[in-house]
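Derivation of every value follows stated rules applied to the coordinates shown; laboratory data play no part. Values in this document were obtained by computation on a predicted structure and should not be read as measured data. Note that each Cβ is placed from the backbone with ideal geometry, even for glycine, and that neighbours are counted across all protein chains shown.
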Amino acid sequence: MYYIAEVDKDICASKNCHLCTQYCPESNCINYSEEDKSAYVSVDRCKACEICVYICSDIAKNDAIKMKWIDDLNEGFVIKKSGVVLR
């Protein structure tokens, strides 16, 4: 098991800062949804480096991103050979 970053969509949408998407070292890992007005993490790309947590908590002072065990994520998913499929 391993940790994955998870974004609290309610907090993120209210702050709307986008900093995590700019500082994540893994391409296409943290993206921004215009529909939700929030960042989201692609679980198959996240390397658990926690840079997004530092940026969100210490720099932006939003506390919208936390690290969670992959089994404890709020949105269910299935990892397949072709990528991640959300349930």
With the calculation restricted to Cα positions, what are the radius of gyration and Dmax of region 3-86 in angstrom? 12.0, 37
Give the separation of the Cα centroids, region 1-23 to region 30-45, in Å. 8
Residues in region 50-68 that a label on residue 33 would reach, taking backbone N under 14 Å of a point 7 Å out along Cα→Cβ: none
Proximal lysine pairs, region 3-86, alpha carbons under 16 Å, eight or more residues apart or interchain: 9
